[in-house]
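Student: The structure's right below; bear with me while I get my questions together.
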Number of protein chains: 2
Amino acid sequence: MALLSNLTSFLLSEMKLRFSDMLERAWEKQNSLLCVGLDPAPERFPARFKNSSHPIFDFCKSIVDVTADLVCAFKPQIAYFSSCGAEEELADLIKWIHQNYPDIPVILDVKRGDIGSTAAHYAKEAFGRYEADAVTLSPYMGYDSVEPYLKYSEKGAFILCRTSNQGGDDFQMLDCDGEPLFLRVAEKVKEWNINEELGLVIGGTYPEELAQVRQRLPKMTFLVPGIGAQGGDIGAAVRSGMRTDGKGLVINSSRAILYASQGEDFKERAREEAIKTRDLINEARRVSK
Amino acid sequence: MALLSNLTSFLLSEMKLRFSDMLERAWEKQNSLLCVGLDPAPERFPARFKNSSHPIFDFCKSIVDVTADLVCAFKPQIAYFSSCGAEEELADLIKWIHQNYPDIPVILDVKRGDIGSTAAHYAKEAFGRYEADAVTLSPYMGYDSVEPYLKYSEKGAFILCRTSNQGGDDFQMLDCDGEPLFLRVAEKVKEWNINEELGLVIGGTYPEELAQVRQRLPKMTFLVPGIGAQGGDIGAAVRSGMRTDGKGLVINSSRAILYASQGEDFKERAREEAIKTRDLINEARRVSK
């Protein structure tokens, strides 16, 4: 079994499967649009991890192992690792996912935004050092801040468009020559999408905006945070954002799944919560199609 | 001498000197607005570093030691360290600067942009783990992405406003109800500046925009990249951006100083280039006052 898994992993890396292809296959094969966000906060871990020498890796691995058959992607958020010097644990975690669940893409949530050689170094960090399949990026610095990532033609990048937080209104809703800034970002990302590996981040808390962007970009993949702990309505997000074939969304839930329980039943409860979320998403897909 | 330096370092950390005060003192005492950006690219290091076990730390330390009396700040760019797993070298470098040059603030160039608990983890990374005095941030996600940094009331944060790259035009120049987005960002940052520790990043390649923002924000500090290797005109940037007292700017040069020579004379040439840049800045300050 391990040999088969290693062989698959080797073949996949040799084939350099494109991120978008991995995602299409995962949506289909897993029948799931759910992405589990890996935001490890040690103070919320169950007591059993107190004595672990690598608590962050061990906790995340537990969550990955009990949810891998329920998801289309995993999304580690890098700040939770780098704030406490857990870079090796992040690298080991992504390696674990690639080796054991080679069909599930890893989106490294970094929200980088810099240009030229600096952006090239950030891209090397995400795709070289950590071997992520995709990243998240900020659009504020424009094309030069996305271009270095396009050189990795088989890798994906999700650009912040309409974010799920309240402060997102500060700039994203400003009227730019007759339409809000976030729609200008969506239009630019459409232009930049030469490899067809770019996507957008659009909060599940704003179903109307999801619908507006979907109307303009019928094929693009949207990464949707803001459901679960942040309170977005899953049904509304799915109905507004999905492609006509019922796919096209990567719907993220982090804390609601990771910390469903802080007791010894944390794995069972995380799995239950992931099943519940996946099923709510699938119900909305069925009703809408 | 080492004892005195350690004592000063201890006292400074006990006093929790505000970033803005450190900067005012450094401008005055050093008579310099120059910031040396630390962007270590090992392939551009002189041959002597080939056999070093910590080439990134050793190279940056050499640059710091020969320029510390010429600058008002140092600005390490984190991607150059994280792309090759040199987190410990970054921590050691900042520690080296604090211990040996306690009057010189360290701006950690991270351009983070995230919200809530994720932003809190990024802040912990910069101010806790690395003990930076200030950071750079992206504004796209709005107030929630800056607020977690404001809790470190003595620390600074420079928000991207008008960046020095060509692609900066993609969004920053969009007309938002009669004025370009970057001016909207400047106005918002003015509102958010409760600790008076926020500044703006405005490229030296755009002196007109520097002047526009200075007119609205006569006291705020601007971090100015884009001179040196990126080709901005130092004189125009200084004339357009400085406060009426001839200060208020942190003018960054990275590659032009770091890689002035790749030979054995790299330290002398780096120092010469730093002196030349500082003096060009000071000449423009004198002429304009």
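The values are calculated or read from the model by the stated rules, or taken from the named source; none is laboratory data. None of these values were measured; they are calculated from a predicted model. When we count neighbours, we look across all protein chains shown, and the Cβ atoms used for this are built from the backbone with ideal geometry, even at glycine. Accessible surface is based on the protein model in full, side chains and every heavy atom, while ligands, DNA and RNA are left aside. Shrake-Rupley method; radii C 1.70, N 1.55, O 1.52, S 1.80 Å.
Student: Which residues does a label at B:Lys29 reach in region B:250-286, if reach means a backbone N under 19 Å from a point 7 Å past the Cα toward the Cβ?
Tutor: Within reach of a label on B:Lys29, which here means backbone N under 19 Å from a point 7 Å along Cα→Cβ, region B:250-286 contributes B:250-251.
Student: Note the buried accessible area between B and A here, summed over both chains, with a 1.4 Å probe, in Å² to the nearest 100.
Tutor: When B and A are taken together, about 4400 Å² of accessible area is lost.
Student: Between the helical axis of B:55-67 and the dominant principal axis of chain B, each derived from Cα atoms, what acute angle in degrees is found, rounded to the nearest 10?
Tutor: Between the helix axis and the principal axis of chain B, the angle is about 80 degrees.
Student: With runs of 4+ DSSP H residues as the only contributors, calculate the mean residue ellipticity of chain A at 222 nm using -39,500 (n - 2.57) per run, divided by the residue total and rounded to the nearest 500.
Tutor: -13000 deg cm²/dmol
Student: Please give the charge dipole size of chain B, origin at the Cα centre, charges +1 on K and R Cβ atoms and -1 on D and E Cβ atoms. Round to the nearest 20 debye.
Tutor: 500
Student: To continue, here is another question. Measuring from label point to label point, each 7 Å out along Cα→Cβ, what is the A:Asp69 to B:Arg286 span in nm?
Tutor: Modelled inter-label distance: 7.8 nm.
Student: Find every distance from the label point of B:Asp265 to the corresponding label point in the other copies (7 Å from Cα along Cα→Cβ) and write them in nm, one decimal, shortest first.
Tutor: The projected label point of B:Asp265 is separated from its counterparts by 7.5 nm.
Student: Something else: Relative contact order for chain B using alpha-carbon pairs under 8 Å, separation at least 6, rounded to a whole percent?
Tutor: 20
Student: A further question follows. Report, to the nearest 10°, how far helix B:181-192 tilts away from the longest principal axis of the Cα atoms in chain B, using its own Cα long axis and a range of 0 to 90°.
Tutor: Orientation of helix B:181-192: about 80 degrees from the principal axis.
Student: So, with +1 on the Cβ of K and R and -1 on the Cβ of D and E, and no other charges, what is the size of the charge dipole of region A:70-149 about its Cα centre, to the nearest 20 debye?
Tutor: Dipole magnitude for region A:70-149 comes out near 100 debye.
Student: Label points 7 Å out from Cα along the Cβ direction at A:Asp177 and B:Thr244: separation in nm?
Tutor: Between A:Asp177 and B:Thr244, the label points sit 3.8 nm apart.
Student: Okay, moving on. Along Cα→Cβ, 7 Å out, is where each label goes; now give me the distance between the ones at A:Ala211 and B:Ile275 in nm to one decimal.
Tutor: For A:Ala211 paired with B:Ile275, the spin-label model returns 6.8 nm.
Student: Would you mind calculating the gained length between A:Lys151 and A:Asp92 on full extension (0.36 nm times residue separation, minus the Cα-Cα distance), in nm to one decimal?
Tutor: Computed gain between A:Lys151 and A:Asp92 is 18.7 nm.
Student: If I take R0 = 30 Å and measure r between the Cβ atoms of A:Lys190 and B:Ser117 in this structure, what FRET efficiency does the formula 1/(1 + (r/R0)^6) give, to the nearest 0.05?
Tutor: With a Förster radius of 30 Å, E is 0.40.
Student: While we're here: Between B:Glu268 and A:Asp103, what FRET efficiency follows from the Cβ-Cβ distance if R0 is 60 Å, with the result rounded to 0.05?
Tutor: Efficiency at R0 = 60 Å is approximately 0.60.
Student: Between region A:31-67 and region B:60-90, what is the C-alpha centre distance in whole Å?
Tutor: A separation of 34 Å, based on Cα centres.
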